[in-house]
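So the structure is just underneath, and the comments pick up after that.
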Amino acid sequence: MRYIPHFIDGRAHSAMSGRFGDVFDPNTGQVQAKTALASETEVDLAVQAALKAQTGWAGTNPQRRARVMFEFKRLLEIHMGELAELLSSEHGKVLADSRGDIQRGLEVIEFACGIPHLMKGEFTGGAGTGIDVWSMRQPLGVVAGITPFNFPAMIPMWMLGPAIAVGNAFILKPSEKAPSVPIRLAELMMEAGAPAGVLQVVQGDKAAVDALIDHPDVAAISFVGSSDIAQQVYARAAAHGKRVQAMGGAKNHGVVMPDADLDHAVQDIIGAAYGSAGERCMAMPVAVPVGEKTAVALREKLLSAIAGLRVGVSTDKDADYGPLISAAHKQKVERYIQMGVEEGAELVLDGRGFSLQGHEQGFFTGPTLFDRVTPPMKTYQDEIFGPVLQLVRAETLDEAIALPSAHAYGNGVSIFTRSGRAARDFAAKVQAGMVGINVPIPVPLAYYSFGGWKRSAFGDANQHGMDGVRFYTKVKTVTARWPEDDAAGAGFVMPVMR
């Protein structure tokens, strides 16, 4: 039985709590490893090591920190194949998706390589008589990230890249369902030249999360997970005076206009809805055809495309998607399918009961399609997080815009159209944080910022890009005057423009 430890102060660290969690192979349904589950003691050990390392790391000039990030990027590229296989073995996503997971995280590391420029402050000479004013960005100290199972490489790197580059020490608490890739990231960061304690991994469950949130020496918490937990993390961490960014769930819509290229739209929707078994906060579980003719044509083409999907083990190069993460999550997704039937939606394709020969105990669910879903249905209101696509019909563009705008979640939306006017109106009016125009998964590039609205995000700071730099730094503003002699400098005068 493989054992997955913590990574504290530059090396593997065995469990002290005596608690362990099972790590499954989703392809077989069998336990493949045990992971340590931290107590407050292990969390405090990591914090103390981070405190010891952070001061010296912050004092390292930005160019030298950037060189470590460049080397980390190089090592990630060298080890891409190994990391993808490890990721797929615990998550279940196919290898192509795992490589994409790592690549999108690597792009944020690439962005962080520019930290000497990104950390530059502002300067105003002669702001008043003999007065100069300037600002500087300084790291917060020890910061922590709490990440979900569905992106075990990308989301940790979204957080740790800017956090470490600006001079913080970072403690990562990954999902206990997929804990191995974060350990390799920490090992590679040490190999890249970061001091011990600058990046650490504390495995665990709610006990570790609470210990990080409550620890007085942790200055900031970054979280990605379900909306209910995100709201709890935000409230509890803010109550402790910490800086917080907490990203929650989603119910992303794809609006299909009558003038859309349906073949391209269907290809995009299929990938966004069923890729990675729908276990993505930027998946597209809702398609909104505008007009009856569009709805009939879209449904017909979707059925044809879904028939060609291949569900397989994560190492199957021809598979479009693999298993869900766990037996419990599979049961949850299939309960939602039954709920949709009971609510009166039309179940066009039922993915329940799917079995893969030779892997009958794996956590597989086939592609599912509902039509004539309506906003009052709970299956529409909730994030299902599985390979389930729902069609919600609209008569006009305004009606289509109103659907995601009124929804509790506001992560991402897309429109498929040839009309610049429709696309422009959609982008201006729709109430969501990220918009795609003929782009099914509108995740911004690394030098922009990722973030949703409403119950998709708590706090006002987005992930990566300049928002990431701002979140992990505090601004210090200096107002300076150098009097010509002691007499001229006597007394206190507010700096005014004169």
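A few remarks follow.
- Test result for residue 274, assigned to a helix (DSSP H, G or I), open to solvent by less than 10 Å² (accessible area, probe 1.4 Å) and not hydrophobic (A, V, I, L, M, F, W, C): yes
- In segment 179-199, the qualifying residues are those that are crowded, with 21+ Cβ neighbours inside 10 Å and out of contact with any Leu (no Cβ under 7 Å at 6 or more places or on another chain), and the one that is nearest to residue 447 (Cα to Cα) is 185.
- Qualifying residue in segment 10-33 (condition: in contact (Cβ under 8 Å) with a residue 12 or more places away in the chain, open to solvent by 70 Å² or more (accessible area, probe 1.4 Å), closer than 20 Å to residue 141 by Cβ and of a type outside the set (Ser, Thr, Tyr)): no
- Screening residue 145 with (1) more than 30 Å from residue 329 (Cβ to Cβ); (2) open to solvent by less than 30 Å² (accessible area, probe 1.4 Å) gives one miss only, at (1).
- Test set (1) open to solvent by 10 Å² or more (accessible area, probe 1.4 Å); (2) part of a helix (DSSP H, G or I) - residue 400 fails condition number: (1)
- Test: residue in segment 361-378 that is surrounded by 14 or more Cβ atoms within 10 Å (Cβ to Cβ), within 15 Å of residue 273 (Cα to Cα), of a type in the set (Phe, Trp, Tyr) and touching a residue at least 40 places away in the same chain (Cβ under 8 Å): no
- Filter result for residue 306 (touching a His at 6+ places or on another chain (Cβ under 8 Å), open to solvent by less than 50 Å² (accessible area, probe 1.4 Å), modelled with pLDDT of 95 or more and not in a strand (DSSP E or B)): no
- Filtered by the rule that a residue be touching an Asp or Glu at 6+ places or on another chain (Cβ under 8 Å) and open to solvent by less than 40 Å² (accessible area, probe 1.4 Å), segment 330-350 gives 336, 337, 345, 348.
- Residue within segment 460-470 that is open to solvent by 40 Å² or more (accessible area, probe 1.4 Å) and either closer than 24 Å to residue 374 by Cα or of a type in the set (Gly, Ala, Ser) (or both) present: no
- Some residue of segment 277-295 being more than 30 Å from the chain's Cα centre (by Cα), aliphatic (A, V, I, L, M) and in a loop (DSSP other than H, G, I, E, B): no
- Members of segment 34-44 that are open to solvent by 50 Å² or more (accessible area, probe 1.4 Å) and of a type in the set (Ser, Thr, Tyr): 41
- Single unsatisfied condition, residue 77 versus (1) surrounded by fewer than 22 Cβ atoms within 10 Å (Cβ to Cβ); (2) in contact (Cβ under 8 Å) with a residue 40 or more places away in the chain; (3) touching a helix residue (DSSP H, G or I) at 6+ places or on another chain (Cβ under 9 Å): (2)
- So residue 60, is it open to solvent by 30 Å² or more (accessible area, probe 1.4 Å), polar (S, T, N, Q), in contact with a Gly (Cβ under 8 Å, 6 or more places away or on another chain) and more than 30 Å from residue 323 (Cβ to Cβ): yes
- Qualifying residue in segment 170-179 (condition: touching a Pro at 6+ places or on another chain (Cβ under 8 Å), assigned to a strand (DSSP E or B) and either of a type in the set (Lys, Arg) or touching a residue at least 24 places away in the same chain (Cβ under 8 Å) (or both)): yes
The values are calculated or read from the model by the stated rules, or taken from the named source; none is laboratory data. All of these numbers come straight from a predicted model, not from anything done at the bench. Neighbour counts are summed over all protein chains in view; Cβ atoms, including those assigned to glycine, are modelled from backbone coordinates with ideal geometry. Areas reflect the complete protein model, heavy atoms only, side chains present, ligands, DNA and RNA absent. Shrake-Rupley method; radii C 1.70, N 1.55, O 1.52, S 1.80 Å.
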